[in-house]
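Scroll down for the structure; my scribbles are underneath it.
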Amino acid sequence: MKKEELTALGITDEQAEKVLEMHGKDQNEAASKLSEAENKLAAAEKNAKELTEKVKAFDGVDLEALRKSAADWETKYNTDIAKAKLDSAVELALTRAGAKDVDLARHLIDTSILKLDGDKVVGLAEQLEKAKTDKAFLFGDDAKETARIDTGIDHGGATDTISDAQIRAVMGLPAETK
């Protein structure tokens with residue numbers, strides 16, 4: 001639209017300028033909206049292209065096999081964690097029961113019938129008592145036991161009757177030469 005066209009219709013120059021000014025504002029707003037819509041469309045097209053490329057990366061992938069594999073791994077993880085917890089609980093119980101050798105004593109416990117119920121191991125107490133009865137030598141307080149080394153010397157008697165030669169012999173030293 002031009003000013004001459006408006007004045008030809010019988011509109012004054014001032015009115016024609018105001019109409020052109022208003023028309024210009026409307027065109028600018030429309031151009032702005034159009035530009036904004038074009039930017040949104042370009043962003044949407046870019047996003048669609050990226051998503052299409054990501055989907056192509058999974059082309060031929062069996063989702064059911066992936067789900068099954070993830071479920072299998074989760075089951076294995078849960079089983080391994082439960083076994084580790086049970087083993088730790090058995091080891092702790094054996095230690096508390098005074099097992100001299102936890103590894104040997106562990107072989108007396110049938111873990112296949114044990115169940116972990118929170119912090120408690122169901123079925124362990126009975127097996128532990130049976131093991132302590134059947135194999136008492138694996139359990140006990142080491143501090144109460146003493147070792148006796150036979151040196152050939154009467155330890156309960158007076159030591160003033162022991163000669164230097166006896167002491168040297170017990171210690172594996174050669175006889176003293178004078």
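A few remarks follow.
- Fewest-first sequence of Met1, Met171 by Cβ atoms within 10 Å of each Cβ: Met171, Met1
- Potential extension, His23-Leu116 segment - 0.36 nm per residue separation minus Cα distance: 25.3 nm
- Neighbours of Lys2, meaning other residues whose beta-carbon lies under 13 angstrom from its beta-carbon, give a summed charge of -3 when Lys and Arg score +1 and Asp and Glu score -1.
- Charge tally around Gln127: other residues with Cβ under 15 Å, Lys/Arg +1 each, Asp/Glu -1 each, net +1.
- Reach of Lys18 by Cα under 17 Å, taken over aspartates and glutamates that are not fewer than 8 positions away in the same chain: Glu4, Glu5, Asp26, Glu29
- Share of pairwise Cα separations in the chain, more than 21 Å, in percent: 78
- In this rough spin-label picture, where each label sits 7 Å from Cα along the Cβ direction, the Asp101-Leu173 distance is 3.6 nm.
- Here's the list of lysines a cross-link from Lys100 could span, going by alpha-carbon distance under 30 Å and ignoring same-chain residues fewer than 8 apart: Lys83, Lys85, Lys115, Lys120, Lys130, Lys132, Lys135, Lys144.
- Leu41 versus Asp59: modelled label distance in nm, points set 7 Å from Cα along the beta carbon direction: 2.7
- Counted by neighbouring Cβ atoms within 10 Å, the residues Leu63, Leu108 run from fewest to most as Leu63, Leu108.
- Each Lys or Arg adds one and each Asp or Glu subtracts one; over the other residues with Cβ under 13 Å from the Cβ of Ala37, this totals -2.
Rule-based calculations on the coordinates, nothing more; no lab input. These numbers were taken from a predicted model, which means no experiment stands behind them. Methodologically, a virtual Cβ is constructed for each residue, glycine included, from the backbone with ideal geometry; neighbour enumeration extends over all protein chains shown.
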